[in-house]
Structures are given as structure tokens and as C-alpha cells.
1. Is there a residue being crowded, with 24+ Cβ neighbours inside 10 Å, touching a Leu at 6+ places or on another chain (Cβ under 9 Å) and closer than 20 Å to B:Glu220 by Cβ anywhere in the range B:74-81?
2. What residue, among those in the range B:154-188 that are in a loop (DSSP other than H, G, I, E, B) and open to solvent by 10 Å² or more (accessible area, probe 1.4 Å), is nearest to the other protein chains (Cβ to nearest Cβ)?
3. What are the pairs with Cβ atoms under 7 angstrom where one residue, in the range B:92-116, is within 11 Å of chain A (Cβ to nearest Cβ) and at pLDDT below 95 and the other, located anywhere, is outside any strand (DSSP E or B) and open to solvent by 30 Å² or more (accessible area, probe 1.4 Å)? Sequence gap at least six, or different chains.
4. Residue by residue through the range B:188-228, note down the ones that are among the β-branched types (Val, Ile, Thr) and either free of Cβ contacts under 8 Å to residues at least 12 places away in the same chain or in contact with a His (Cβ under 6 Å, 6 or more places away or on another chain) (or both).
5. Give the residues of the range A:57-98 that are open to solvent by less than 10 Å² (accessible area, probe 1.4 Å), within 13 Å of another protein chain (Cβ to nearest Cβ) and either of a type in the set (Ser, Thr, Tyr) or not in a helix (DSSP H, G or I) (or both), sorted by residue number.
6. Cβ-Cβ distance below 6 Å, separation of 6 or more or different chains: which pairs start in the range A:100-120 with a residue that is facing another protein chain (nearest Cβ under 7 Å) and touching a residue at least 24 places away in the same chain (Cβ under 8 Å) and end on one that is of a type in the set (Lys, Arg) and crowded, with 23+ Cβ neighbours inside 10 Å?
7. Among (1) at pLDDT below 95; (2) in a loop (DSSP other than H, G, I, E, B); (3) open to solvent by 30 Å² or more (accessible area, probe 1.4 Å), where does A:Pro45 come up short?
Amino acid sequence: MKVSMLVLAALLLSSIFLTARQAGSPREHDARWAAPPTEAARMNPLSNRRDATEGGKKIFGQRCSTCHGESAEGTSDAPSLTRAAVGRQSDGALFWKISSGNTRTGMPTFSFLPPLQRWQLILYIRAQADTGGATGSGRD
Amino acid sequence: MSLLRISILGLLCALALGSAAFASAQERPYFVTYDHYLEERGNLEIAIATTTGIPKKNEGVYTAPWLELEYGLAGWWTAELYLEGVTTHGAGHGFTGWRVENRFRPLRDEHRITPVLYVEYENINEASRIQKEIVGSGSLPFEPIAELTQEQAHELEAKLILSSAVGVWNISENIIVERNLSANEGFEFGYSVGVARHLGSLARATSCLLCPENFVIGIEAYGGLGSSEAFARSEQRHYLAPVVSWRVSTRSTLKASVGFGLTSTGDHALFRVGYAYELPVWRNR
């Protein structure tokens, strides 16, 4: 019993140590993270459904705002989504990034959301960029 | 301290700490099958769940509760701690042990089939009945719990998790290998497969509790296949279990399933209920 408790304590302590090391460092920007061309070419099936943007706002608030900020302006955890560099990406590229995630930067995989909800997120992100809601506080 | 008290304490801590807004990843709808979605880095999920079994023979009904702490150590690494117990109708109750598991996602991006590697150490006893996975063969032991808790087992378990997102569907397959370090039982094998989907596809603009987008339904099948020592098909246990998951709030999920025993060595049914609460505990800001 003593041995097993020591094993448990060692596992917990090593986990805490590793977490502290990683949480203290800022998330790295992965410059090589780009959507495959076929994915980037996909069109948003809701591009004519501006009424769906509000649903995207709700999902953003539930799933994305802690890291990317309430208005997608970015935080120290994740970059602003209203930057020009994001705006230049196609809807298909953003859809792929939201769906796939990136384990290196800590961006979660959101493919568990139905595809239409991910397209709604993109409508909201575009709307935020259009209204200039960014403060630019986020990192690239 | 009893498992129930630990569970209640954990839940209260979660509720107290969870006042900040936070982002939420997906709580899997399955009880046994794992998909490729890991806990978000810096997020802690506290879950309580129970497995209630209705045995086929004259043994009494049992309920096995467990507390689960799941933490996202990195984008590619999630660790979990389990504390578990059991209570029975007429055969006593007791603490049945703990488990530490780690899941690693080796690939940066999602693929058509995304692999996750799973390694678990179990320090449990023979009274363990949560059945978060089933390996090997034969039915559960039904001696008095006080006797079973004296039989300790140190076990190592590995899983290959393969999971795919196909439109609104998730399809996951787990291949399980377990080795008892306390007794020579060979390598024991098991499996689980699951499919699930959201009920809603387009999100409504307003928050709603009962709208379809908050529900995930699916079905999973799991069981033990035998071991390197014995592969008797008649001794295998297999279950088929519909599952439903309800996102009660941004932070919490309630899920339930009924597993129907398909073989004579299994129980009639396994009723499972679980509640998970997620909160950020370590952020850069």
C-alpha cells in the first residue's frame, strides 16, 4: 500500500511540475500550420445566411472566448482572430483549422461540433473583423 | 473518508472554482469508448459516475460509483485520476482502488482516422465493478465485498484509440490490452466501438436548455475477448449500450446509458449515469 501511494504521489507531483513548466510559457505560433489546398478551397454553405451569425456568436462565447477573448480580440493564451492575417485566410482554411485543432499550440479540435456550427463560427469571426472589434492585444 | 464524501467534496470544489468564464471542449458521450478529443490544456474536468449492474443469476444488484479528475497537461496529453468504490445489495461495500491514466495524441492535426495512445496503471482489488472497460473472460466475482477487497491487483493497461469525425458523426474504436502485474494471467484483451452524433446541426441564437443542439446520442459496444492464456468464446462478456449526453450548461454535461448483456457470463444490464463539470485551473492570463 505504501509503495502504491508513493507511486501515486510521484505521478501527481511530476504532472504538476510539468504543468507548471508548460503553463508558464506562452503558446507558440505554429508558422507551418496551414490548411491543405483542397480544404482551403471549401466554400461556406452559410455565406448567404447572415442570420446564422448570432448562433455563431453564442458558440464562440461557449467554446472560444476564454482563449481568444470575448470579441475575438485575443489574449495571452491565444491570438486575435480579427487580425488581417486571419481575415486573409479563406473560409475553408479557417474551417479546417477550427476542425483539426493543433496539439502543438494547444488549439483544441472542434470537429465534434456539427459542420454547420463550425461554419457559423466563421460567420461570427468575419463579422467581428468587419466591425473592427479587435484591440490587437493578442499575439500572432 | 468514503468515496461518496470525496465525490461530494470534489463537486463542491468544482462549483466554487467554476465562477470564471471558460472555454469548453467536448465531453465524450460514451462511458467505455474513448474518442480522440483530449482535455483542453489547463482545464480540469471533475466527474462523478456510477455503474449499476443487474446480474443474471441470484447475486444482488450492485452500484459502483467513481470520481474522475481529468486534466489537460498539454494539447497532446491528458491525464486522469480515478477513485472508485462499490456498494451491493447484501454483500457489503468498500473502496475498490484507484487508477491513473494518460492519453497521448501523437499527430498535430486531425486526420481521417486520428490515433490516440492510452496507458493506465490500476491499483484496484477484485471487488472493482465500475467496468470502465472489460477485458479477459469470465463473469465478475460475487463473493462478499470484504473478501474481495483483500485481493489486490496491480495492472497495466494500454489502448489504441482510433477515432474519426465524419460530418455530424463520431466513430471510435478502441483496442485494449491489459497485464496483471500481481498474478500471471497472461495478456488480456478487450475492445470497444462507438458511434454518436449531435441531434441539432445549426446553433440557435439564444441559449436554450432542451434544444437539440445540446444533445448527443449514440451507441457503443464493448467486451472482453479473452487472454493469451484462454480464448473460450463461451466465457466472453459483450455489451451493447445506447448512450445519451446532455449539455446542461456551458460547463457541465450529464450522460446516461443502458448496457444490455449479450452473453451468459455478463450481467443482464449495466445502468450508467455520469455528471462532468469542467473548469480552467491554469491559464497564462
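1. yes
2. Initially, the range B:154-188 is screened for residues in a loop (DSSP other than H, G, I, E, B), giving B:167-168, B:181-186.
In the following step, the residues that additionally are open to solvent by 10 Å² or more (accessible area, probe 1.4 Å) were identified as B:167-168, B:181-185.
Details: B:Gly167: 6, B:Val168: 5, B:Leu181: 11, B:Ser182: 11, B:Ala183: 16, B:Asn184: 20, B:Glu185: 19 Å.
Across the range B:154-188, the extreme among qualifying residues is B:Val168.
3. Correct list of pairs: B:Arg108/A:Arg104.
4. B:Thr206, B:Val216
5. A:Ser65, A:Thr66, A:Gly69, A:Ala72, A:Gly74, A:Asp77, A:Ala78
6. As it stands, the answer is A:Gly106/B:Arg41, since those pairs meet every condition given.
7. Among (1) at pLDDT below 95; (2) in a loop (DSSP other than H, G, I, E, B); (3) open to solvent by 30 Å² or more (accessible area, probe 1.4 Å), the lone unmet condition for A:Pro45 is (1).
The values are calculated or read from the model by the stated rules, or taken from the named source; none is laboratory data. What you see is a predicted model, and the numbers here were worked out from it, not measured in a lab. As a convention, Cβ positions derive from the backbone with ideal geometry for all residues, glycine included, and neighbour counts pool all protein chains shown. For the accessible areas, the whole protein counts, side chains as well, though only heavy atoms, and no ligand, DNA or RNA atoms are used. Shrake-Rupley method; radii C 1.70, N 1.55, O 1.52, S 1.80 Å.
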